[in-house]
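The values are calculated or read from the model by the stated rules, or taken from the named source; none is laboratory data. What you see is a predicted model; the values in this text were computed from it and never measured. Backbone-built Cβ (ideal geometry, glycine too); neighbour counts: all protein chains shown.
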Amino acid sequence: MTEYIKEIASRLKELREIENISLETLSADIDVPVKKIKEYESGTVDIPIGFLTKAAGRFHVDVAELITGEQPKLHMYSLCRSGKGVNVERFEEYEYQALAYKFAHKKCEPYLVIVRPDEDKPPYINSHEGHEFDYLLEGRIKMIIEDREILLNAGDCIYLDSKYRHALKSAGGEAKFLAIVLP
């Protein structure tokens, strides 16, 4: 894994230790198995956005603080110029850019997500607290929610309760969408 993932893992572990919270307590608080938390804190596996959102809520910090190591300071507005979002390394087929990482106490987390085609890999299935709104800007994606598959074309959008298992895959070339994650 990259140095970037190790830095996030280090911040997660440090927050837990500063608050003197055991792995078992954190596991119970955010409903993530101890084994998974240990893996995330080790920096040897990718850390899903859903987990970062849960952990940030539990530690009363902004997700951007976990990602960048800096505390957001803006309160009136936050401008993010085209292509200048903070990259959140994910899987090879996904690229996330945090778009409001400088704004403090956000009510949602907006991301620009690029999905690259990769027919050889199964979709990464996740679930997390809150809701999610996805608006497809370019391309086509197959959205999987539990046992349903929905084809989205540019201009389509979907709002979902993200506690249900969901995933997405490119349905042809590269696709780009706006994802807004609400706690």
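Which of the residues spanning segment 56-86 are charged (D, E, K, R), surrounded by fewer than 17 Cβ atoms within 10 Å (Cβ to Cβ) and closer than 13 Å to A104 by Cα?
Within segment 56-86, E70, K73 meet the criteria.
Can you pull out every residue in segment 55-95 that is in contact (Cβ under 8 Å) with a residue 60 or more places away in the chain and in a strand (DSSP E or B)?
Here is the first cut: in segment 55-95, the ones in contact (Cβ under 8 Å) with a residue 60 or more places away in the chain are 57, 69, 89, 93.
Matches in segment 55-95: E89 only.
One residue is enough: does segment 14-22 have a residue meeting the conditions modelled with pLDDT of 90 or more and either under 16 Å from V181 (Cα atoms) or surrounded by 18 or more Cβ atoms within 10 Å (Cβ to Cβ) (or both)? Quick ask: steps written out before the conclusion?
We begin by selecting, within segment 14-22, every residue modelled with pLDDT of 90 or more; these are 14-22.
Right, trim to either under 16 Å from V181 (Cα atoms) or surrounded by 18 or more Cβ atoms within 10 Å (Cβ to Cβ) (or both) and you get 15-16.
Yes, segment 14-22 has at least one match.
Can you pull out the strands (runs of 3 or more DSSP E) entirely within segment 126-178 that have at least 1 residues that are at pLDDT 95 or above?
Counting at least 1 such residues, we get 131-138, 140-145, 148-153, 157-161.
Could you list, in sequence order, the residues of segment 96-121 that are in contact with a helix residue (DSSP H, G or I) (Cβ under 7 Å, 6 or more places away or on another chain), more than 21 Å from G139 (Cα to Cα) and not in a loop (DSSP other than H, G, I, E, B)?
E109
Can you find even one residue in segment 32-42 that is of a type in the set (V, I, T), modelled with pLDDT of 90 or more and in a helix (DSSP H, G or I)?
Yes, segment 32-42 has at least one match.
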